[in-house]
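Just so you know, all these numbers are worked out from the coordinates, no wet-lab data involved. On a predicted model such as this, the values are computed, not experimentally measured, just so you know. Ideal geometry is used to build each Cβ from the backbone, glycine not excepted, and the neighbour counts take in all protein chains shown.
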Amino acid sequence: MIPESLLKFNCAHGLIVPRYLDERDYPWLRLLIEEYLRFIDAPKIELIRHLKKPLPFVSPLTKRRLAIQALNGLFKAEIKSKIQPRKIREALFEAAASSGDSREIITARVAQDFGMSEQELEASLFCDLPNERRLQKPKIELNPNLLVLRANTLLIQSFLSRAISVDIQLEGNARIVVRQAKLRGLICELSQPTGPGNVTLSVSGPYALFRHTLLYGQALGQLLPQLAWCNRFQLRARCLVDERESHLEVSSGDPVCPSKAPKQFDSQLEAKFARSFLKTMKGWDLIREPEPVKADETLIFPDFLLREKDNPANAWFVEIVGFWMPEYLQKKIAQLKKTNLKNFIICVNSSLNCSETDFPKNANIVQFKNWIDPESIRAIIECNTNAS
């Protein structure tokens, strides 16, 4: 996270408007990247000293500091030594304690024992200290556009580290975000949906806790890159900045750097169904892992939401029951029996030996073997539409 002095923003009617980096910063960002690349394989301390001196280009001070913070997260520093520095220091101290020889003689003898030159030994002596480690080139290709996204994401995350509360509306891939929130130990609550649409994930911010913890703030900030993979999201946070409570809003389309791409489908069966459905029913949208559905006191995440483009109210959940373990199947059936199945289609692998009596009465069941025919889905939707 960055210090509060770098949180440059405008505030209108209590709403935080971050001063993002953008295309206008590309020229000097490209030059800043080149400055970093000059110090590949050099001790990190050399780069730190270099950045404290005037650079050969003009750039806004606060934005440059933010970009440097982002670059420091991309350029890792590693220990480069044939022998562990700790072992070299131990050998030198032991040799000095047991011999009255000069430093030069002791250094030459220890270097010979390790099969190193005296210069290599001197360079390796303290190369495990953080600022003495060697700078490594990032594995990803650096460019100003990527750096803009990284810096802006860092800026938003720093606001979130000062949050009292955060509400996130999600559509599509909501389960991924909810799972990450729970894995990171965030105090969160999922709202009860009333029908097809958004689900709200409410998260307590670090400034709502008895003790403001840096780790909790970091965990909350790490949720931000996950949001970029949702079909749509809108984040609203109450933050304490400059000892004043203000509101931050971030939504789809804002300059957030996405995390590593999550797995789009859990199985080849789901991927094949998605492709064939979109090809067959072009007037419909298919949303992967939509909002959860209330099942008694539990929430279940259907696999898909099918929504008619010209009539968004005409929406159907699809759950694929293809797992063979009896315990899983029994639990899934029990959950589905507690849902409102009016707009719910259950696709059941015929090899599971299930009958329609295993499922709730009047449930919309599609039997399949190797693949799910979109026409069978269409038939159920049209049948129910005509009946209504």
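A simple spin-label model places the labels of Glu23 and Leu37 2.3 nm from each other, with each point 7 Å out along Cα-to-Cβ. The residues packed around Leu269, meaning those with a beta-carbon under 13 Å from its beta-carbon, carry a net charge of -2 if Lys and Arg are +1 and Asp and Glu are -1. Checking (i) 54, 28, 20; (ii) 41, 21, 18; (iii) 30, 25, 22 against the coordinates, the calculated semi-axes √(5λ) of the Cα gyration tensor in Å falls under label (i).
Oblate is the label for segment 137-276, because the ratio a/c of its alpha-carbon gyration tensor axes (a ≥ b ≥ c) is 1.5 or higher and a/b is not greater than b/c.
Taking other Cβ atoms within 10 Å as a rough exposure proxy, Leu92, Leu209 sort from fewest to most as Leu209, Leu92.
Taking every C-alpha pair closer than 8 Å and separated by at least 6 residues, the mean separation divided by the residue count of the chain gives a relative contact order of 14 percent.
Remark: segment 85-126 carries a charge dipole of roughly 160 debye about the Cα centre, counting +1 on each Lys and Arg Cβ and -1 on each Asp and Glu Cβ. Each of Cys230, Cys257 was scored by other Cβ atoms within 10 Å of its Cβ. Listed from fewest to most, they are Cys257, Cys230.
Most mobile of Leu240, Leu269, Leu305 per a Gaussian network model of the chain (Cα springs, under 10 Å)? Judging by the Gaussian network model, the answer is Leu269.
How large is the charge dipole for the chain, taken about the Cα centre, if only the Cβ atoms of Lys, Arg (+1) and Asp, Glu (-1) carry charge, to the nearest 20 debye?
Working: 53 positive and 45 negative charges, 66 e Å.
Charge dipole of the chain: 320 debye, to the nearest 20.
The residues Arg378, Arg244, Arg175, when put in order of fewest to most other Cβ atoms within 10 Å, stand as Arg244, Arg378, Arg175.
As a test of the formula, what do you get for the chain when each DSSP H run with n ≥ 4 contributes -39,500 (n - 2.57) and the sum is divided by the residue count, at 222 nm and rounded to the nearest 500 deg cm²/dmol? Walk me through the intermediate numbers first.
Values: 13 runs with 145 residues, N = 388.
Value at 222 nm, helices only: -11500 deg cm²/dmol.
The GNM of the chain, with springs linking C-alpha atoms under 10 angstrom apart, assigns the highest mean-square fluctuation among Glu118, Glu375, Glu245 to Glu118.
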